[in-house]
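Here the structure comes first, spelled out in structure tokens, and everything after it is commentary.
FYI, it's all coordinate maths here, none of it is from the lab. Predicted, not measured: the structure shown is a model, and the values here were computed from it. As a convention, Cβ positions derive from the backbone with ideal geometry for all residues, glycine included, and neighbour counts pool all protein chains shown.
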Amino acid sequence: MKKKLIAGNWKMNGGLAANEALAKALLGGLSVPACNVAVCAPAPYLAQLQVLLANSAIALGAQDVSAHESGAYTGEVSVAMLKEFGVRYAIVGHSERRQYHGETDAAVAAKAQRALAAGITPIVCVGETLAEREAGKTEEVVKRQLAAVIHANGHCISEIVVAYEPVWAIGTGKTASPEQAQQVHAVLRAQLRAASDHADRIAILYGGSMNAANAAQLLAQPDIDGGLIGGASLKAPDFLTIIAAAG
Ligand code: 13P
């Protein structure tokens, strides 16, 4: 059976002191995890976390990456830069980037492609808004978002991680029910199977108000291979409980 992946998305939170305390609390509370674990930190702190998490069971992730290799792209961070700090994963196409920074499906696909080419695993986020769900468009939206990434990446798709994050469940305390989440995960799995012979080894994470209380039920679903956790990843005991639930 493939290992589950529990990834924390710290978003724009933290600071030198808080990061150190959180990383130390996580490392102190983590025996040998049965699942893969990662934390996706703000770019300025990757160097700090590279040191704090060195030789540990917690992999380092970034929250975004440039689709460009290098050059005149003010504010962007390249895959080569991430590699220098030991980054294993990069979230791409988070709904907050799509919403506040106008990232298109094509831009997200290009970022995934750039990450894959550098040996960084893109965590490709897809998810519908509340209005889209209410209009019965959930499947159409997530399939369109994933199709762009499949189209741009061909057989390399087997190296990605997908995260289904319904926008209405992010930071709202409203979690998709395990059945609602499983339903969409099954759709995504079928789409991946149609594109790759290795679709069953692609981890499809659920994200959106996953917490210590609801993680076990969500993670018990057949196509939920882990979680992408925002708020609860900032509290060591909660994140550790979620990791234990994935064991
Ligand atoms: P919350 O867990 O805070 O709802 O955030 C989910 C998320 O967006 C992870 O990427």
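List of remarks:
- Lysine pair count for the chain (Cα-Cα distance under 26 Å; residues 8 or more apart in sequence or on different chains): 29.
- Packing, taken as the mean count of other beta carbons within 10 Å per residue, orders the peptides 36-44, 235-243, 131-139, 78-86 from highest to lowest as 36-44, 235-243, 78-86, 131-139.
- Nitroxide proxy distance, nm - points 7 Å out along Cα→Cβ at residue 200 and residue 99: 3.6 nm
- 3J(HN,Hα) along the stretch 178-194: x, 5, 4, 5, 4, 4, 6, 4, 5, 5, 5, 4, 4, 5, 5, 5, 5 Hz, from the Karplus curve 6.51 cos²θ - 1.76 cosθ + 1.60 with θ = phi - 60°, whole Hz, x for Gly and Pro.
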